[in-house]
Structures are given as structure tokens and as C-alpha cells.
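Read the structure below first, then the notes.
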Amino acid sequence: MNTPRVAILMGSDSDLPVMRKAAETLDGFGVPYRMTIGSAHRAPEYVKDFVAKTERDGVGVFIAAAGMAAHLAGAVAGMTAKPVIGVPLSGNLSGGLDSLLSTVQMPPGVPVATVAVDGAKNAAILAVQMLAIADALLADKMTQHKKCMADSVMKKARDLEAQLAGA
């Protein structure tokens with residue numbers, strides 16, 4: 001098994017459908033990760049041990065997702081000097097606004113980079129970009145990813161223009 005470079009934590013197994021998008025994105029870039037469920041409130045010692053172990057194993061970025069009170073990313077940020085990306089999750093309350101606010105509103109000195117509600121894919125992209133600062137191969141993969149996105153947009157633009165010209 002490859003040494004994990006990203007650790008993904010989520011507050012509940014109900015978060016897995018959203019967080020799979022982060023895992024799939026990391027897989028696409030060839031970035032090994034560890035993923036677990038850990039609650040900042042119900043299992044704080046497990047979260048603390050997971051953060052310490054994955055740091056020792058070489059993890060460079062943490063992605064933490066939670067809904068409602070959404071303190072998992074903040075709790076992780078308080079335990080590590082590594083970057084933490086928070087994924088606020090939509091849920092029963094206000095479409096995820098509560099999660100967004102509690103993830104983004106961190107005290108001075110304990111930042112959490114925060115992506116959109118249910119933005120697991122963007123969290124993985126941001127993690128790859130962070131790792132790519134010191135990894136030329138990942139930087140090349142990210143450049144190619146951005147080029148593919150631009151090519152896709154341009155193809156759609158050409159197809160639409162052709163469709164409209166024929167109308």
C-alpha cells in the first residue's frame with residue numbers, strides 16, 4: 001500500500017456518498033489517501049490518534065467533512081500544523097449554511113481552507129494543488145487537468161456555435 005499523502009475524515013457514515021468524490025478525485029491524480037469516520041464530539045480521542053498516526057505516516061493535507069455543528073475540520077486544525085480543508089455538508093438544517101458558517105469561521109491562527117457545501121471534489125483538487133507545490137509530477141498532472149477542462153469548455157462552445165449557425 002502506498003504511503004498516504006492525504007487524510008480524509010468525515011463525521012458519519014452518512015457523509016460517505018459525498019466524500020467518495022474526494023477519494024475518486026485523488027485516485028484520478030494517483031494520490032494515495034486514508035479515509036475514516038471520526039467524530040470530534042463522539043470520538044475525539046480516535047480523531048486525535050488518527051491525526052497523529054497519519055502525520056507520522058507522511059500525510060501532508062487533511063480533508064475533514066461534517067454537517068450540522070461541523071467542528072471536525074476545526075478540531076483537526078487544532079491538532080496539526082498541516083493544512084486542513086473543510087467540507088461543510090448539507091443536511092437537514094438550512095441546506096448546509098450552518099455547516100458552512102461553522103467551518104469557515106475559525107479563530108485567528110487556526111485556519112481551515114473551506115470549499116463549497118458538499119464540495120468534496122474541490123477539496124481533493126485543492127489538496128492536490130497544495131501537494132503539487134513540492135511535487136513536479138503532481139504539478140504537471142494538475143496543469144494537464146486544467147487544460148482538459150479548458151478543452152472541454154471550448155468543444156462545448158464550438159458545438160453550440162455550430163448548432164446555432166445551423167438553426
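The values are calculated or read from the model by the stated rules, or taken from the named source; none is laboratory data. Treat the numbers as computed from the prediction; the structure is a model and nothing was measured. Glycine also receives a Cβ, built like all others from the backbone with ideal geometry; neighbour counts cover every protein chain displayed.
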Any pair with Cβ under 8 angstrom, 6 or more apart, that starts in the range 147-167 at a residue that is of a type in the set (Val, Ile, Thr) and ends at one that is in a helix (DSSP H, G or I): none
The range 8-26 - residue that is within 25 Å of residue 146 (Cβ to Cβ) and in contact with a helix residue (DSSP H, G or I) (Cβ under 7 Å, 6 or more places away or on another chain) and, of those, surrounded by the most Cβ atoms within 10 Å (Cβ to Cβ): 8
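Only one of 119, 78 is within 30 Å of residue 140 (Cα to Cα) and at pLDDT 95 or above. Can you tell me which? Let's see the steps before the verdict.
Working: 78 fails: within 30 Å of residue 140 (Cα to Cα).
Only one candidate passes the filter, namely 119.
Go through the range 109-126 and count every residue that is part of a helix (DSSP H, G or I) and of a type in the set (A, V, I, L, M). Give the derivation first.
Initially, the range 109-126 is screened for residues part of a helix (DSSP H, G or I), giving 120-126.
From what's left, of a type in the set (A, V, I, L, M): 120, 123-126.
Looking only at that region, the number is 5.
If I go through the range 66-93 residue by residue, how many of them are among the hydrophobic types (A, V, I, L, M, F, W, C) and under 15 Å from residue 43 (Cα atoms)?
So the first thing to find is which residues in the range 66-93 are among the hydrophobic types (A, V, I, L, M, F, W, C), and the list is 66, 68-70, 72-73, 75-77, 79, 81, 84-85, 87, 89, 93.
Narrowing further to those that are under 15 Å from residue 43 (Cα atoms): 66, 69-70, 72-73, 75-76, 79.
The number of residues fulfilling the criteria is 8.
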Failed criterion for residue 71 (all others in (1) within 14 Å of residue 112 (Cα to Cα); (2) at pLDDT 95 or above hold): (2)
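Here is a yes/no grid of residues against (1) touching a strand residue (DSSP E or B) at 6+ places or on another chain (Cβ under 7 Å); (2) of a type in the set (D, E, K, R):
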| residue | (1), (2) |
| --- | --- |
| 17 | no, no |
| 27 | no, yes |
| 52 | no, no |
| 63 | yes, no |
| 73 | yes, no |
| 82 | yes, yes |
| 90 | no, no |
Residue within the range 142-153 that is of a type in the set (Gly, Ala, Ser) and either outside the structural domain of residue 39 (by TED's automatic domain parsing) or part of a loop (DSSP other than H, G, I, E, B) (or both) present: yes
Helices (runs of 4 or more DSSP H) enclosed by the range 1-108 - at least 1 residues per element that are touching a residue at least 60 places away in the same chain (Cβ under 8 Å) and among the β-branched types (Val, Ile, Thr): 16-29, 72-77
Residue ID - modelled with the lowest pLDDT, chosen from residues in the range 51-68 that are under 17 Å from the mean Cα position of the chain (by Cα) and either of a type in the set (Phe, Trp, Tyr) or farther than 21 Å from residue 128 by Cα (or both): 67
Test: residue in the range 27-35 that is basic (Lys, Arg), crowded, with 16+ Cβ neighbours inside 10 Å and touching a helix residue (DSSP H, G or I) at 6+ places or on another chain (Cβ under 6 Å): yes
